[in-house]
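The values are calculated or read from the model by the stated rules, or taken from the named source; none is laboratory data. Everything numeric in this text was worked out from a predicted model, so none of it was measured. So basically every Cβ, Gly included, is an ideal-geometry build from the backbone, and we count neighbours across all protein chains shown. For the accessible areas, the whole protein counts, side chains as well, though only heavy atoms, and no ligand, DNA or RNA atoms are used. Shrake-Rupley method; radii C 1.70, N 1.55, O 1.52, S 1.80 Å.
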Amino acid sequence: MRVLGIETSCDETGVAIFDEARGLLAHAVYSQVAIHAEYGGVVPELASRDHIRKTVPLIRQVLDEAGLAPDSIDGVAYTAGPGLVGALLVGAAVGRSLAWSWRVPAIGVHHMEGHLLAPLLEQPAPELPFVALLVSGGHTQLVDVTGIGCYRMLGESLDDAAGEAFDKTAKILGLPYPGGPELAKLAELGAPGRYRFPRPMTDRPGLDFSFSGLKTFALNTLRAELAISEDQAQTRADIARAFEDAVVETLVIKCRRALRETGRERLILAGGVSANRRLRERMSQAIAAEGGATFYPRPSFCTDNGAMIAFAGCQRLRAGQREPLAFKTRARWPMDELAAL
Ligand code: KG4
Ligand code: ZN
């Protein structure tokens, strides 16, 4: 089975073709960063309009790259939620309509299931069961995964998601949108240990997270230190480093705890923040020290992309799931509502 995947849930238009027998045949992502940068964050209406401009040309592009005609596509998958509804509607309308006109089945994919399955596109792919840490701009979730669609929520963020905390703290530090990667770059110049930020919710049992206090901590530290610091650029970098270390160590502590509590040996990380170099380094070390193994998507498949949607869609289409002609999109969509395959 060969599936076209379309991702338009936020500020990236992603399109890919996944072939069950041959793997990924082509993929392309168009990032809207330049459009939203002057506003300091994603403007939903501008996002939708740009998806309208980019989705069909990107579909043509990946078909060309794969050397395929539309009649060799066996199914179409598009992100149906969670995300910005206007943005989702673009990919869903294009995807559902193409499937109808090509007379192939369509499937609406859960964006976070897309992220969760992305490590399975890599070699070696992790075997089931495993624990998944999903860290994106909208979600921070620890999930026990025993099969596709068999997701038991172990813990999640009670307030800001990890990516959101990166983005908000980046803004406080005066960095441009998108904040996460910019903050990570600045943290490279920071001295470790000059400031120590809290590791929220690690001193009590449980697997939930809370990151919103860290941005307040960053703001207060910045205000106090800028008033007395001689090298303001270095102070900002040191605060970035302290923030990143706090998020990374908090995630590491919770992941080790999740593996211990579930008895699993494998951990996968996915979602935009899993592209973070320090997180990958520290997590792999810490899990290996306990005899476990850690798996990641390649960095370009950590952030939003069409490949993960084509792959997840292929699994569900193969299992016989189909979207009716009257398609739906959902801004909110709890992952445990998904059907097990
Ligand atoms: O998965 P994703 O592309 O979109 C959502 O589903 O939300 O994740 C985007 C998030 C943003 O908050 C972004 O700042 C963060 O991932 N991010 C990073 C890095 N790359 C992306 N955060 C920290 N370090 C990075 N290298
Ligand atoms: Zn995402």
Exercise. Can you spot a residue in the range 181-194 that is open to solvent by 40 Å² or more (accessible area, probe 1.4 Å), within 15 Å of ligand 2 (Cβ to nearest atom) and touching a Pro at 6+ places or on another chain (Cβ under 9 Å)?
Worked result: no
Exercise. Mind checking which pairs have a first residue in the range 20-38 that is in contact (Cβ under 8 Å) with a residue 40 or more places away in the chain and closer than 14 Å to GLY5 by Cα and a second that is among the charged types (D, E, K, R) and open to solvent by 80 Å² or more (accessible area, probe 1.4 Å), Cβ under 6 Å, 6 or more apart or different chains?
Worked result: ALA26/GLU65
Problem set entry | Residue in the range 223-244 that is away from ligand 1 (no atom under 16 Å from the Cβ) and open to solvent by less than 10 Å² (accessible area, probe 1.4 Å) present | yes
For this session: May I ask you to list the residues in the range 251-279 that are among the β-branched types (Val, Ile, Thr) and surrounded by 22 or more Cβ atoms within 10 Å (Cβ to Cβ)?
Result: ILE268, VAL273
Exercise. Going through the range 176-187 one residue at a time, which ones are over 13 Å from GLY137 (Cβ atoms) and free of Cβ contacts under 8 Å to residues at least 24 places away in the same chain?
Worked result: GLU182, LYS185
For this session: For the range 108-157, name all the residues that are within 16 Å of ligand 1 (Cβ to nearest atom), β-branched (Val, Ile, Thr) and more than 14 Å from ALA340 (Cβ to Cβ).
Result: VAL109, VAL135, THR140
Exercise. Among the numbered criteria (1) at pLDDT 95 or above; (2) more than 13 Å from the chain's Cα centre (by Cα); (3) open to solvent by less than 50 Å² (accessible area, probe 1.4 Å), which single criterion is violated by LEU117?
Worked result: (2)
Seminar exercise, completed: Within the range 280-307, residues open to solvent by less than 40 Å² (accessible area, probe 1.4 Å), within 16 Å of ligand 2 (Cβ to nearest atom) and assigned to a helix (DSSP H, G or I) come out as PHE301, CYS302, ALA307
Exercise. When you scan the range 14-42, how many residues do you find that are within 16 Å of ligand 2 (Cβ to nearest atom), open to solvent by less than 10 Å² (accessible area, probe 1.4 Å) and touching an Asp or Glu at 6+ places or on another chain (Cβ under 7 Å)?
Worked result: 3
Exercise. Going by the structure shown, is SER274 at pLDDT 95 or above, at negative phi, within 16 Å of ligand 2 (Cβ to nearest atom) and in a helix (DSSP H, G or I)?
Worked result: yes
For this session: Check GLU45 against each of (1) open to solvent by less than 20 Å² (accessible area, probe 1.4 Å); (2) of a type in the set (D, E, K, R); (3) away from ligand 2 (no atom under 16 Å from the Cβ) and name the one condition it does not meet.
Result: (1)
